[in-house]
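Presented below is the structure to which this report refers.
Every number here is computed from the coordinates shown, using simple stated rules; none is lab data. Quantities reported herein were computed from a predicted structural model and do not represent experimental measurements. Quick reminder, even Gly has a Cβ in these numbers, built from the backbone with ideal geometry, and neighbours come from all protein chains shown.
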Amino acid sequence: MNYHILREFGELILNRPCLGAPPAEVAAWYERKADLFECIAAAEGHDPVGALRQARLARRHASRLVTAGSHAA
């Protein structure tokens, strides 16, 4: 795994929203996670199918959070 991807993973973990964070904040974190997995899918030497699946799951979860947050308002 290249340095950029490792650094992004570290930042993603360090910036994980705390328990009780607003849904929009958590959704943004999942969108960032999806972006990272799309980057991994495009990188040489990685499993693009698995990485794209993780990206898709993260985006779906973000979408659900945004939808649930908009219904709560």
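What to note about this one:
- Spacing of the two label points (7 Å from each Cα toward its C-beta) at PHE9 and THR67, in nm: 3.1 nm
- Among VAL49, ALA27, PHE9 the positive-end extreme of the charge dipole of the stretch 3-71 (Cβ point charges): ALA27
- Largest-first principal axis extents, alpha carbons of the stretch 3-71, Å: 41, 23, 12
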